[in-house]
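Read-outs throughout are calculated quantities, based only on the coordinates presented, and are distinct from any laboratory measurement. Owing to the predicted nature of the structure, the values given are computational and were not obtained by experimental measurement. Glycine also receives a Cβ, built like all others from the backbone with ideal geometry; neighbour counts cover every protein chain displayed.
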Amino acid sequence: MEKAFRAGLGLTALAAVALFTGAQQATSQSSDVCAPRDDLVAQLDAQYREIQKAVGLLGEEAVMEIFASDQGTWTILTTDTSGTSCIVAAGEGWDENSATLASRGEGV
C-alpha cells in the first residue's frame, strides 16, 4: 500500500512538473542545463545508463521526455522545436513497477 501511495505521489509530482514547465521554459532561454538533444541523450546513456521511458507533448512548442536507468536514476528533459534539450529535473528512486501498479489501482 505504501509503495502504491509513493508511486501516486511520484505521478502527481510528474504532472506538476509538466503543468508548471511551460513551452517557453523548455527552450534554451531557461536557466536549466541545455544542449542539443542528441548530446544530452548520449550523456545520460554513457554516464547513467538511462533510456527513454516516457514522452509527452508540451503544446506545439516542446516535448517532455523521462529517461531512467535500471539502477533507479531518472532525468526529465524538455526539447524545443529547434532540437535544444534542457534538463528540468533529475533524481533517484525511479520504480517502474510501482507506477504500473498505482495506475491500475492495485496495492502492494
inquiry  = Modelling each spin label as a point 7 Å along the Cα-to-Cβ direction, I'd like the Ala90/Leu57 distance in nm, to one decimal.
reply    = 2.9
task = In nm, give the distance between the simple-model label positions of Asn97 and Val33, each being 7 Å from the Cα along the Cα-to-Cβ direction.
result = 2.9
query = Nearest 0.05, what FRET efficiency do Ala46 and Asp70 give at R0 = 22 Å with Cβ-Cβ as r?
reply = 0.90
